[in-house]
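What follows is a set of notes on a single structure, which appears directly below.
The values are calculated or read from the model by the stated rules, or taken from the named source; none is laboratory data. Worth saying up front: this structure is predicted, and the values here are computed from it rather than measured. Neighbour counts run over all protein chains shown; Cβ positions are idealised from the backbone, glycine included. Protein only, heavy atoms only, side chains kept; ligands, DNA and RNA dropped before computing areas. Shrake-Rupley method; radii C 1.70, N 1.55, O 1.52, S 1.80 Å.
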Amino acid sequence: MMEELLSTQEELNHQSLQTKWRLMVLISQCALLILFLPIPLVTPKPIDRLIHIDATSFQFTPAEIKVNQGDRVTIEFVSTDVVHGISIDGYDFQLTSDPGQPVTGTFVASWPGMFRFRCSVACGNLHPFMIGKLWVGPNLILIRGVLLGILAVVAAIFSLKKSKVLKTGKTS
Amino acid sequence: MNRLDLTRTRWTNFLIRNRWPQFLIRAITLAGFIFTILAGLLGSVVGSHNFAIIFVWIAWWTALKLFFIPFGGRSWCSICPIPMPGEWIQNGGILQPRGKNFGLGKRWPKFLRGRWLQAGGFMLVGLFGVITLTSPSVTSIVLLIILLLAFVLALVFERRSFCNYLCPIGGFTGLYAQAAPVEVRVKNPEICSTHAQKSCYEACPWGVYPLALKSSANCGLCMECLRVCPSDNLAVNLRPWGSDLGPETKHSLDEAFLGLVMVSSALMDSAIFLGPWGQLKMAAYAIGTGSWFLFAGLFLVIALMLVPGIYTLAVWIANKLGEQKMNLRKALAHQSQVLVPLGLTAWIAFTISFALAKFSYVLPVVSDPFGWGWNLLGTVAKPWVGQSTLTSMLLQVIVLALGLFWSSRVAIKISGSLKQALPMIVFSAMTMVGMLWLLIG
Ligand code: SF4
Ligand code: SF4
Ligand SMILES: [Cu+2]
């Protein structure tokens with residue numbers, strides 16, 4: 001009798017461990033899917049865009065730019081006070097403007113996502129934080145992040161639910 | 001209980017117990033600290049060319065959040081140079097255990113106890129953060145004030161009063177040490193109960209009685225108790241992350257306040273330093289002007305009213321949904337455990353975005369610490385502008401999701417039911433979405 005009890009207890013432990021592992025594998029698979037599953041999007045037909053950006057210490061105007069993936073973006077960049085530069089994270093794009101001297105450069109927005117652009121010429125105390133944001137297409141990584149957050153909550157709930165069942169199973 | 005005691009392995013035991021290894025590291029950090037102060041005062045006024053700015057705000061601040069705290073809790077405090085001079089005077093020697101020597105040894109006033117002042121100090125750092133972060137001389141002056149304050153307070157008050165009640169870094173490390181995988185604990189409580197002398201308590205610079213340690217928040221991992229215990233009854237354990245967080249541990253209102261200040265600061269710093277809002281940056285920089293007061297007002301409203309308000313609402317609802325009702329004060333303290341993994345991961349995500357993009361500044365200032373055009377080690381190079389890459393963004397997303405997973409688990413564990421945990425899960429999710437939006441949105 002005692003032995004029987006013990007072995008069922010052991011089995012129960014074993015089983016719960018197994019389901020726990022299964023759950024973990026399942027959740028990590030979901031997480032990977034959420035993070036890396038390619039989402040086919042209908043991108044609007046690429047167009048040519050001309051965007052004018054002013055740079056003043058320590059602000060780009062506009063500091064928030066949206067374009068579609070594949071667009072040919074021409075930036076007309078002009079500083080209004082001291083020498084400023086602009087370089088876009090992840091893109092090989094850089095311009096420098098002397099005060100009042102507009103410069104232009106063109107790049108193709110081939111990578112989707114959010115990219116910060118930063119001043120690339122030391123222009124004063126706040127230079128390291130002179131930042132703007134460029135969005136190319138919808139910001140998929142943000143959406144993936146929110147989905148991953150939901151998965152995280154679900155995973156937290158399930159990871160503890162199992163052990164509670166086990167605990168009550170033990171005491172009863 | 002799944003602990004790995006480092007005092008049971010010979011070489012780790014030697015490294016921990018012997019006073020020399022720790023002293024040598026602290027001698028280096030003290031020298032580095034003084035060098036940093038000098039560099040900030042004498043060197044280039046351009047932050048990115050000055051050792052003080054790059055080492056304090058890029059290298060050390062990053063190491064603290066990505067390495068020292070997540071893997072060692074208060075491990076920084078165990079090698080921190082700030083209390084050293086005061087402690088030497090208190091102990092009457094450099095490699096001495098604690099003893100009654102110089103100093104008035106007064107007890108810290110009761111009404112100033114708790115984590116309130118540390119939280120306030122951290123908020124001050126936030127209010128003046130932009131200027132401290134960009135001006136080498138201001139960084140140096142802040143460090144100097146901290147060093148002097150710790151020294152003077154060590155002469156007046158007993159033990160490490162500065163560390164326990166004032167140091168903003170200590171508030172940060174202490175809060176998150178509860179989630180960290182290291183602890184000092186007694187091996188066998190029975191041995192302690194028959195040992196009337198309590199040598200460990202006498203020796204502890206932090207005023208902790210190891211037998212009573214339930215949380216690692218107040219233990220500075222200085223290892224003094226190990227060195228004096230006649231029965232070798234102290235263990236340095238590696239443990240699972242988050243071990244101090246659970247339904248049984250005691251928490252107080254000041255911890256909730258500290259945790260909330262940290263969460264608000266992570267959100268504010270992300271907005272100021274990584275957002276596209278130049279006006280906000282300039283307002284935060286222009287101390288004393290009208291726009292700065294506007295900024296300070298906004299900061300205080302967010303840190304003292306908005307975030308605590310939402311938190312209080314969440315706790316109040318949770319309390320309503322629970323079977324046993326606590327009074328609100330107790331519930332606010334109890335639920336503050338959720339803020340620990342939440343804040344820690346928010347800070348880690350911020351740091352990944354903020355510092356990794358700027359790491360290329362570190363090597364150049366090693367060769368040219370004062371910005372005087374030296375090139376001591378040949379590592380001077382034009383730092384690249386600093387990018388945040390896709391990998392870094394993915395990493396931030398993963399860290400924030402892990403944080404939400406972790407804080408939800410803590411919320412469920414410390415609540416009577418899943419239903420009761422929901423408000424705190426929603427609070428955590430809101431914080432995480434806020435961070436996501438600021439960092440990668
Ligand atoms: S509390 Fe502050 S001064 Fe004290 S050891 Fe920790 S970091 Fe250093
Ligand atoms: S309990 Fe031990 S390790 Fe912790 S602060 Fe006190 S003496 Fe140092
Ligand atoms: Cu600039």
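Quick notes
- Counting residues in the stretch B:2-25 that are in contact with an Asp or Glu (Cβ under 9 Å, 6 or more places away or on another chain), assigned to a loop (DSSP other than H, G, I, E, B) and open to solvent by 40 Å² or more (accessible area, probe 1.4 Å) gives one or more.
- Taking first residues from the stretch B:73-91 that are closer than 18 Å to B:Thr36 by Cβ and partners that are away from ligand 3 (no atom under 16 Å from the Cβ) and aromatic (Phe, Trp, Tyr), the Cβ contacts under 6 Å between residues at least 6 apart in sequence or on separate chains come to B:Trp76/B:Phe68; B:Pro81/B:Phe33; B:Pro85/B:Phe151.
- Being within 13 Å of ligand 1 (Cβ to nearest atom), crowded, with 21+ Cβ neighbours inside 10 Å and within 20 Å of B:Asp244 (Cβ to Cβ) holds for only one residue in B:Ala177, B:Ala119, B:Ala150, and it is B:Ala177.
- Subset of the stretch A:50-74 [touching a Gly at 6+ places or on another chain (Cβ under 8 Å), away from chain B (no Cβ under 12 Å) and not in a strand (DSSP E or B)]: A:Asn68, A:Gln69
- Candidates B:Val130, B:Val46, filtered to the one that is open to solvent by 40 Å² or more (accessible area, probe 1.4 Å), under 28 Å from B:Ile352 (Cβ atoms) and within 16 Å of ligand 3 (Cβ to nearest atom): B:Val46
- Contact map, the stretch A:114-128: first residue at the interface with chain B (Cβ under 8 Å from one of its Cβ atoms) and within 28 Å of A:Leu140 (Cβ to Cβ), second residue part of a helix (DSSP H, G or I) and within 16 Å of ligand 1 (Cβ to nearest atom), Cβ cut-off under 6 Å, separation 6 or more or different chains; the map is empty.
- Elements of the type helices (runs of 4 or more DSSP H) sitting completely within the stretch B:45-150 and holding at least 2 residues that are more than 16 Å from ligand 2 (Cβ to nearest atom) and touching a Pro at 6+ places or on another chain (Cβ under 9 Å): these cover B:69-72, B:116-127, B:129-134.
- With respect to the conditions (1) polar (S, T, N, Q); (2) more than 14 Å from every other protein chain (Cβ to nearest Cβ); (3) more than 13 Å from the chain's Cα centre (by Cα), B:Gln178 falls short on a single one, namely (3).
- Residue tally, condition at the interface with chain A (Cβ under 7 Å from one of its Cβ atoms) and modelled with pLDDT of 95 or more, over the stretch B:409-436: 5
- 3 or more residues away from chain A (no Cβ under 11 Å), open to solvent by 60 Å² or more (accessible area, probe 1.4 Å) and more than 28 Å from B:Leu38 (Cα to Cα): qualifying helices (runs of 4 or more DSSP H) within the stretch B:268-371: B:290-300, B:307-321, B:328-335
- For the stretch B:408-426, a residue qualifies if it is within 13 Å of A:Ile150 (Cα to Cα), open to solvent by less than 10 Å² (accessible area, probe 1.4 Å) and touching a residue at least 24 places away in the same chain (Cβ under 8 Å), but none of them does.
- If you filter the stretch B:391-407 down to residues that are without any contact (Cβ under 8 Å) to a residue 12 or more places away in the chain and within 8 Å of chain A (Cβ to nearest Cβ), you find that the one that is farthest from B:Gly343 (Cα to Cα) is B:Leu394.
- Hey, A:Ser159 outside the structural domain of A:Gln18 (by TED's automatic domain parsing) and either within 18 Å of the chain's Cα centre (by Cα) or away from ligand 2 (no atom under 16 Å from the Cβ) (or both) or not: no
- Just one of (1) under 15 Å from the mean Cα position of the chain (by Cα); (2) part of a helix (DSSP H, G or I); (3) within 15 Å of ligand 1 (Cβ to nearest atom); (4) not acidic (Asp, Glu) fails for B:Gly259. It is (3).
- Inter-residue pairs, beta-carbon under 8 Å, first more than 15 Å from ligand 2 (Cβ to nearest atom) and in the stretch B:234-247, second among the small types (Gly, Ala, Ser), 6+ apart: B:Trp241/B:Ala179; B:Trp241/B:Ala180; B:Gly242/B:Ala179; B:Leu245/B:Ala179
- The stretch B:207-236, residues that are away from ligand 1 (no atom under 16 Å from the Cβ), of a type in the set (A, V, I, L, M) and in contact with a strand residue (DSSP E or B) (Cβ under 7 Å, 6 or more places away or on another chain): B:Leu211, B:Leu213, B:Leu226, B:Leu234, B:Ala235, B:Val236
- The stretch B:26-43 - residue that is closer than 20 Å to B:Cys80 by Cβ and not aliphatic (A, V, I, L, M) and, of those, surrounded by the most Cβ atoms within 10 Å (Cβ to Cβ): B:Gly40
- Considering only residues in the stretch A:96-113 that are within 13 Å of another protein chain (Cβ to nearest Cβ) and under 24 Å from A:Ile39 (Cα atoms), the one that is surrounded by the fewest Cβ atoms within 10 Å (Cβ to Cβ) turns out to be A:Trp111.
- Extreme residue, nearest to A:Val136 (Cα to Cα), among residues of the stretch A:59-87 that are touching a helix residue (DSSP H, G or I) at 6+ places or on another chain (Cβ under 8 Å) and either open to solvent by less than 30 Å² (accessible area, probe 1.4 Å) or within 16 Å of ligand 1 (Cβ to nearest atom) (or both): A:Ala63
- The listed residue being in contact with a helix residue (DSSP H, G or I) (Cβ under 9 Å, 6 or more places away or on another chain) and among the hydroxyl-bearing types (Ser, Thr, Tyr), out of B:Ser367, B:Ser360, B:Ser417: B:Ser417
- For the stretch A:129-150, the candidate set comprises residues that are assigned to a loop (DSSP other than H, G, I, E, B) and open to solvent by 10 Å² or more (accessible area, probe 1.4 Å); within that set, the residue that is farthest from the other protein chains (Cβ to nearest Cβ) is A:Gly137.
- Being of a type in the set (Gly, Ala, Ser) and part of a helix (DSSP H, G or I) holds for only one residue in B:Ser231, B:Ser265, and it is B:Ser265.
- Options B:Gly246, B:Gly242: the member that is of a type outside the set (Ser, Thr, Tyr), surrounded by fewer than 21 Cβ atoms within 10 Å (Cβ to Cβ), within 14 Å of chain A (Cβ to nearest Cβ) and within 16 Å of the chain's Cα centre (by Cα): B:Gly242
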